[in-house]
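Asks: Take a look at this one; I'll ask things after.
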Amino acid sequence: MSNAPRRAPALLALGALVTLALPAPSAAAPSPLGRWATAERGGVVEIFACGAALCGKIAGGPELDAHPDLRDIHNPDPAQRSRLLKGLVFMSGFTGGAGQWNGGKIYRATNGKSYTGSLALAGADMLKLTGCIVSPLCQTQTWRRIK
């Protein structure tokens, strides 16, 4: 007589135990992608994927809504001074994940200067952007997600 019919229920029971012992899948990690309210002048930034990195563009704000024709007049390159601020990609090259992205570049249109930067999620709806002239000469802003 074969043991196959007796093994089938035992294997099913073992499979059920293994399945119950596995950790439940965790909820998706918060993502920095989306629209964020900046800490300065009510600006709105959109963070998006650009290749394997993260980038950010100026998406709006009270000043841009009132004057949509504002230009990048402080840019050190005279050829770039006529480009519109709305839609301007001012953050690029942020790589990493699991809540922290580094190695990015931040262009600040208000003074025409560029900085190195990092992004860090502080919960699902809070993002910290740090820009540095040279470490430790850094400044951090906290942005809030726009829903």
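Asks: With out of contact with any Cys (no Cβ under 7 Å at 6 or more places or on another chain) and either free of Cβ contacts under 8 Å to residues at least 24 places away in the same chain or over 20 Å from G34 (Cα atoms) (or both) as the only criterion, which of A120, A59, A124 stands out?
Replies: A120
Asks: How many residues does the stretch 62-80 contain that are without any contact (Cβ under 8 Å) to a residue 12 or more places away in the chain and over 24 Å from R35 (Cβ atoms)?
Replies: Of the residues in that region, 5 qualify.
Asks: Taking the criterion of being at pLDDT 95 or above, surrounded by 14 or more Cβ atoms within 10 Å (Cβ to Cβ), of a type in the set (K, R) and under 20 Å from the mean Cα position of the chain (by Cα), would at least one residue in the stretch 100-107 satisfy it?
Replies: Checked the stretch 100-107: at least one residue is at pLDDT 95 or above, surrounded by 14 or more Cβ atoms within 10 Å (Cβ to Cβ), of a type in the set (K, R) and under 20 Å from the mean Cα position of the chain (by Cα).
Asks: Check whether at least one residue in the stretch 85-93 is at pLDDT below 95, small (G, A, S) and assigned to a loop (DSSP other than H, G, I, E, B), and report yes or no.
Replies: no
Asks: Could you give me the residue pairs with C-beta distances under 9 Å whose first residue belongs to the stretch 28-53 and is in contact (Cβ under 8 Å) with a residue 12 or more places away in the chain and at positive phi, whose second residue is of a type in the set (D, E) and in a strand (DSSP E or B) wherever it lies, and which are 6+ apart or on separate chains?
Replies: So the pair list comes out as G34/E46.
Asks: Here's something else I'd like to know. What single numbered condition from (1) closer than 16 Å to K128 by Cα; (2) among the charged types (D, E, K, R); (3) not in a strand (DSSP E or B) fails to hold for E46?
Replies: Tallying (1) closer than 16 Å to K128 by Cα; (2) among the charged types (D, E, K, R); (3) not in a strand (DSSP E or B), E46 fails exactly one: (3).
Asks: Being in a helix (DSSP H, G or I), loosely packed, with under 13 Cβ neighbours inside 10 Å and either at pLDDT below 95 or not hydrophobic (A, V, I, L, M, F, W, C) (or both) is the filter here, so list the residues in the stretch 69-84 that pass it.
Replies: P78
Asks: Still on this structure, please answer the following. Looking at the stretch 96-107 only, could you name the residues that are under 13 Å from L33 (Cα atoms), in a strand (DSSP E or B) and in contact (Cβ under 8 Å) with a residue 24 or more places away in the chain?
Replies: If the condition is that a residue be under 13 Å from L33 (Cα atoms), in a strand (DSSP E or B) and in contact (Cβ under 8 Å) with a residue 24 or more places away in the chain, then W101 is the only one that fits.
Asks: While we're looking at this one, here's another question. For the stretch 123-143, give me each residue that is modelled with pLDDT under 95, at negative phi and not in a strand (DSSP E or B).
Replies: A124, S135, P136
Asks: OK, next. Can you find a residue in the stretch 24-32 that is modelled with pLDDT under 95, farther than 26 Å from R144 by Cβ and either part of a helix (DSSP H, G or I) or not aromatic (F, W, Y) (or both)?
Replies: yes
The values are calculated or read from the model by the stated rules, or taken from the named source; none is laboratory data. Source: prediction; values computed, not measured. Don't worry about glycine lacking a Cβ; one is built from the backbone with ideal geometry, like all the others, and counts go over all protein chains shown.
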